[in-house]
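A short worksheet on the structure shown next.
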Amino acid sequence: MRRSLDAAGEDDLVRRTAAGDRGAFDELYRRTSPWLLARLRRRCADEDVVADVMQETYLAVWRAAGTFAGSATSGSGVGWLWTIAAHRLVDAFRRRARQNQLPAVALTETVAPAAEDEVMAARVGQELEHALLVLPPEARQVLQAMVLDGFSVRETSLLLGVPENTVKSRARRARLALREALS
Amino acid sequence: MTTHPNPAVIARYADPAAELDEVTVWSVEVHLEGCAHCRALVAGSTADDTRSLLARVAAGLDDGIAAGPAPVRRPRWSAARHRWVVWHLMPWLTMTVAVLACAVLLQALAPGLPSLVALLAPVAPLPGVAIAWSRRHDPAWELIAGTPAAGLTMLLRRTAGVLAVVVPALALASTRTGTSMALTLLPCLAFTAATIALGGFVGVRLAAIGLGAVWALAVIAPAVATAELPAVLRAGSSPGWALLTLTLAGLAVLRADNFRRLSSHN
Amino acid sequence: MMRTVSADETAPTTHPWAVHAQELRVRAGRHLAVDGLDLALGTGVHGLLGPNGAGKTTLMRALATVVKPAGGRLTLLGEAVDGRADLRRVRRGLGYLPQQFGFYPRFTVREFVEYMAWLKEMPKSAVPGAVQRAIDRVGLTAKAGARMKTLSGGMLRRAGIAQAIVNDPAVLLLDEPTVGLDPEQRLDFRELLRDLGVDSCVLVSTHLVEDVVVACTDVVLINEGRLVYQGTPDDLMTQGGQGDAGDSPAERGYSALLRRHRAEAGR
């Protein structure tokens, strides 16, 4: 049993979780939680919020795995995990927004890639990376939220604490700048 | 994505205190989502506080799982079944099939009569189509009417469900009584298309009632009175029916917009 | 897994109101239940108050694009809603809980919400997560696998709310959502309402003035199909005097406004 769990991919683990296999679920947690935690931490600096979102996400995975595994076009299990976490993160922001205490967004200072990072492989694509560098930081932030994280305009606006129309105009600007840089 | 990021970069990514420029974060995240090997590296480079946080969440999960319901494995076809089978249609479809069975029986008892199956074929799908998407008969109408899928999509989907029952039943009835298959199925399809095309203007229910009444008065009644099969159902008229079906289906598609709009009928 | 962001999605929002009705008239049967109503709603939770027969439910149905207005103008999310429009786009951004809703009794809660998510044309991959989230948000987690016909009135109501919010609607219409909820569930529901109002336009019809005061940012009072009053709950409370009927400042404000409106109409 142990061996077969080790060999199983994440998608397989989700399928087994759907059948109520607690071992598979724990293995899924063991493998994916450090990654999810790191990713959430880069978006929200409040540890308690992150911990809550993590817990809600994995509980949702446990409960909804059946539907996910049963749908004909189940995409990647890891991508699914992120989608759930992303929406729950926005929910946490919503809760805070109405109590007027937004959790601090982990805003990385825009530093140029350090020398050792330059040699990093697995790029989004060399040109795209350069194009991203020339974007103003706020436009890049919007692009990250919408394209990489899959948030909607409304969710992005909540997450970054700027009005929807500002999100939209930044996204449009980013689009134009990217098109120019890539051509 | 064939090459992996430098493990040192991944370690810096996993450490929330470490500085990493956004562009690198971006490409690391894209990579991590698709690469189990590098996700394992993230897991390997966790600090103590991270491990304690993960353990805390895990303990919370234990409680949550113990308190809540277990995952429900869904039967394989349940989604498709819920989307295509409409339960409130069942009694009507049962009735349609029963009427056809009676027609077959009657035909066997009184072979002198004109083919009842052929006479009934055009109107057989009408009751089902009429109530497939109707305010009066669908209990969830109010909920569904405000969704983007309401309208033509919904009507066509449910009509397909009706035809999936009626067409095989008619085919069986026609082989049993020796009636021409083409002259049974083509009029059935033609009337279905006509109901939808006309329904775009006056509502499907009214269209079905109107067409059914016209057929009963103009064709069924004289045929029963004279005990003779009318000209429109005799051999040789099937090309005409095929043409009619195509024309009406085309017309229904052209009028598709009517169903997407708000309307007071249906 | 990067998402494609369409140009459509980032087109600037030009409409100032999520819901905008001008001189709106809607028939309920032969009776003109909404008769010349002007209403503009933005982001937030709006409580819709009014006596029985004021036209609340008919207004809700018109806003939900279930019935066709008999006259006037209605714009939802910047798009005109009338007999000529293709409504699919607008409807994707709507959530609606009817006052009474039928359902297919054999469905489980999860299947019901999932079916509605599918009808709302949500992306397939988003459905399982969104369904679980909606069920969690209304507090039906433990009942997700129960068949609809086995649910109590309050649970049915909550299942109805779950289907309304499953697509994260920009405009959410809830017709008497608190009917059948016990006091504790009502408190939870108010919390949910406040969360929802942060970034969407929520219109809640109710006959409980207290619900509106506690959970809404804005009060809309209609009578005989017309707008009587629109203002904040605090302002509503200042409208009433000692002589007006009611056990709380808000109730007294409510009856004072109605009394004045009736007196004006009677003149």
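Values quoted throughout were computed directly from the atomic coordinates according to the rules given, and no laboratory measurement underlies them. What you are looking at is a predicted structure, and each value in this text was computed from that prediction instead of being measured. Glycine also receives a Cβ, built like all others from the backbone with ideal geometry; neighbour counts cover every protein chain displayed.
Which whole number gives the average count of other chain Cβ atoms within 10 Å of the Cβ atoms across peptide A:51-62?
6
What residues from region B:240-261 fall in the zone where the backbone N is under 13 Å from a label point 7 Å along the Cα-to-C-beta line of residue B:214?
So the set is B:248.
Across peptide A:22-32, what mean number of C-beta atoms from other chains lies inside 10 Å of a residue's C-beta?
Working: counts 4, 0, 0, 3, 3, 0, 0, 4, 3, 5, 4.
For peptide A:22-32, the averaged partner shielding equals 2.
What is the helix-to-structure angle for B:90-109, meaning the angle in degrees between its Cα long axis and the longest Cα principal axis of chain B, kept from 0 to 90 and rounded to the nearest 10?
30
If the reach is capped at under 28 angstrom between alpha carbons, list the lysines near residue C:124, excluding any in the same chain fewer than eight residues apart.
Filter leaves A:168, C:143, C:149.
Taking the simple approach of a point 7 Å from Cα along Cα-to-Cβ for both residue B:137 and residue B:87, what is their distance in nm?
With each label point 7 Å from Cα toward Cβ, the separation is 1.7 nm.
List the pair-distance distribution P(r) of region B:168-230, using every Cα-Cα distance, as the percent of pairs falling in each 5 Å bin from 0 up to the bin containing the longest distance, rounded to whole percents.
Answer for region B:168-230: a P(r) of 4, 16, 19, 20, 23, 13, 5, 1 percent.
Would you kindly compute the Cα radius of gyration of region B:147-198 and its largest Cα-Cα separation (Dmax), both in Å?
For region B:147-198, the Cα radius of gyration and maximum Cα-Cα distance read 13.3, 45 Å.
Convex hull over the alpha-carbon atoms of region C:1-90: what's its volume per residue in Å³?
On the way: hull volume 12.0 nm³, N = 90.
With only Cα atoms used, region C:1-90 gives 133 Å³ per residue.
Count neighbours as other Cβ atoms within 10 Å of each site's Cβ, and list the GluC sites (Glu not before Pro) in region B:5-111 that are DSSP loop with at most 14 such neighbours. Walk me through the numbers before you get to the answer.
Details: sites: B:19, B:22, B:29, B:33; in loops: B:19.
Here the sparse-neighbourhood loop sites are B:19.
Can you tell me the Rg and the Dmax, both Å, for the Cα atoms in region C:37-155?
For region C:37-155, the Cα-based Rg and Dmax read 16.5, 45 Å.
Among bridges DSSP assigns within the protein assembly as shown, what percent are antiparallel (round to 5)? Don't skip to the end; give the middle numbers.
Details: 21 of 39 bridges.
Roughly 55 percent of the DSSP beta bridges within the protein assembly as shown come out antiparallel.
How much of the pair distance distribution for region A:1-72 lies past 19 Å, counting alpha-carbon pairs only, in percent? Walk me through the numbers on the way to the answer.
On the way: 977 of 2556 pairs.
Of all Cα-Cα distances in region A:1-72, 38 percent exceed 19 Å.
Looking only at Cα atoms, what is the convex hull volume of the protein assembly as shown per residue, in Å³?
Values: hull volume 143.2 nm³, N = 716.
Enclosed volume per residue, from the Cα hull, is 200 Å³.
Just grab the label-to-label distance for residue B:110 and residue C:248, each label 7 Å out from Cα along the Cβ direction, in nm (one decimal).
Between residue B:110 and residue C:248, the simple spin-label model gives 7.3 nm.
If a/c stays under 1.5 just call it rounded; otherwise compare a/b with b/c (prolate if a/b is bigger, oblate if not). Do that for chain B, with a ≥ b ≥ c from the square roots of the Cα gyration tensor eigenvalues. Walk me through the numbers before you get to the answer.
Working: a/c = 3.32, a/b = 2.99, b/c = 1.11.
Since a/c reaches 1.5 and a/b is larger than b/c, the shape of chain B is classed as prolate.
One quarter of the convex hull surface, Cα atoms only: what value does that give for chain C in nm²? Write down the numbers at each step before the final one.
Values: hull surface 63.4 nm².
It is 15.8 nm².
Which angle from 0 to 90°, rounded to the nearest 10, does the C-alpha axis of helix C:109-119 make with the longest principal axis of chain C?
Computed tilt is about 90 degrees.
I need the phi-derived Karplus couplings for region B:164-174: 6.51 cos²θ - 1.76 cosθ + 1.60, θ = phi - 60°, integer Hz, Gly and Pro marked x.
The phi angles translate into 4, 9, 6, 4, x, 4, 5, 4, 4, 5, 5 Hz.
Tell me what the protein assembly as shown gives for mean residue ellipticity at 222 nm when only DSSP H runs of n ≥ 4 count, each as -39,500 (n - 2.57), the sum divided by the residue total, rounded to 500 deg cm²/dmol.
Numbers: 34 runs with 404 residues, N = 716.
Theoretical 222 nm ellipticity from helices: -17500 deg cm²/dmol.
Restricting attention to region C:26-108, which trypsin sites (Lys or Arg not before Pro) occupy a DSSP loop and are surrounded by at most 13 other Cβ atoms within 10 Å? Write out the running numbers ahead of the final one.
Values: sites: C:27, C:30, C:56, C:61, C:73, C:84, C:88, C:89, C:91, C:92, C:106; in loops: C:30, C:84, C:106.
Listed in order of number, the matching sites are C:30, C:84, C:106.
Over the whole of B:56-64, what's the average partner chain Cβ count within 10 Å per residue? Rounded to a whole number, please. Before the final figure, lay out each step's value.
Working: counts 3, 13, 7, 1, 7, 12, 2, 2, 8.
That works out to 6 on average.
For chain C, find the longest principal axis of its Cα atoms and tell me its angle to the long axis of helix C:249-266, 0 to 90°, nearest 10.
Compared with the principal axis, the helix lies near 60 degrees.
Mind checking which lysines have their C-alpha under 20 Å from residue C:56, skipping anything on the same chain fewer than 8 residues away?
C:68
Given a Förster radius of 51 Å and the C-beta distance between residue C:150 and residue A:133 as r, what FRET efficiency does 1/(1 + (r/R0)^6) yield to the nearest 0.05?
Values: r = 58 Å, r/R0 = 1.14.
So the FRET efficiency works out to roughly 0.30.
Rounded to the nearest 20 Debye, what is the dipole magnitude of chain B about its Cα centre when Lys and Arg each give +1 and Asp and Glu each give -1 at the C-beta?
Values: 19 positive and 14 negative charges, 274 e Å.
The calculation lands at about 1320 debye.
Going by average Cβ density within 10 Å per residue, which order do the peptides B:103-111, A:16-24 take, highest to lowest?
Details: B:103-111: 14.3, A:16-24: 18.9.
Most protected by this proxy first, the peptides run A:16-24, B:103-111.
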